[in-house]
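Some notes on the structure that comes next.
Taken together, the values in this text are just the output of simple stated rules run on the coordinates, not laboratory data. Since we're looking at a predicted model, the values are computed, not measured. Positions of Cβ are generated from backbone atoms using ideal geometry, with glycine treated the same way; all protein chains shown enter the neighbour counts.
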């Protein structure tokens, strides 16, 4: 007997590797994943694992939430799983309260988790009038763009909008993360990773990572910090400093699946009334997002942050690598991603000609 339908929604460009990983994992476990599409293309919707496409507006635009609610009325779903911050906010899904980075420090300190020294500005205009120590990192209070490293005041021109911003020192500590599942106040599953490389470099999302042994002391602090949160999460650290909280599916959950801890399936099993044993991901599994990792390595080499020998060694294929989404058994998402890349290159070239 087939398991229930599950609705996955990014509500954005459709290039979410997290949505694709969750779609494949659910289909393999017997669930029936449906994926919303908010544009012409979608990695997850192009996968053979996707059993239904649902066209909806972009998250945050009028009609998005109504379209999701209408789909839930039309068809019987076990749950809806948002895979982006705008979708979480638009649906007021569990964990939406955690998206405001300016709200973390007090709760984190109470749980024994350190946060970087942080200054908050209501706007870019206000920040321009302040004295900043460089290099520093600029990030929006809620994710509108990726964190950006600034070398000096001239780099302020790279900030794309004028909303509320946070300024933190640039930390050189090694980055690590915990992907996990909270259920009724307890940590049911967790996968610990250290980051090898990120893209964009030096501030960006994970491009290569390796699973590590569970840090039980950190897990106790995470439980205290998340409190009554129920659902999936991804928490990112530089050393002991908390940098980001994503209360949703994340691309690194693909690594957890390989390491024996399929968090999204565990979550749906719990919602489906099944007994789920507590699990931790096994250490020693290596993850690679090929496009991001190659670009990160080449940029580090151009900046001479690494040697030519290091770059060559890192670029070589590695046995038993857990790839982000590139697989022969389900090739269409890779082809779809190439269309995204080609489209972006064409757009960039058009803009250069126009200027």
For the stretch 216-249 versus the stretch 13-85, the gap between their alpha-carbon centres in whole angstrom: 25 Å
Which residue fluctuates most in the GNM of the chain (Cα springs below 10 Å): 107, 154, 93? 154
Stokes-Einstein diffusion coefficient of the stretch 175-290, Kirkwood radius over Cα pairs, 37 °C, 0.692 mPa s, in µm²/s: 233 µm²/s
Taking the beta-carbon count within 10 Å as an exposure proxy, list 234, 229, 250 from fewest neighbours to most. 229, 234, 250
Whole-Å distance linking the alpha carbon centroid of the stretch 266-308 with that of the stretch 125-198 is 18 Å
Using only DSSP helix segments of four residues or longer, with each worth -39500 (n - 2.57), what per-residue ellipticity at 222 nm results for the chain after dividing by its residue count and rounding to 500? -9500 deg cm²/dmol
GNM flexibility winner over the chain from 129, 185, 163 (Cα, springs under 10 Å): 129
For the chain, with a Gaussian network of springs between Cα atoms less than 10 Å apart, report the residue from 201, 134, 241 with the top mean-square fluctuation. 134
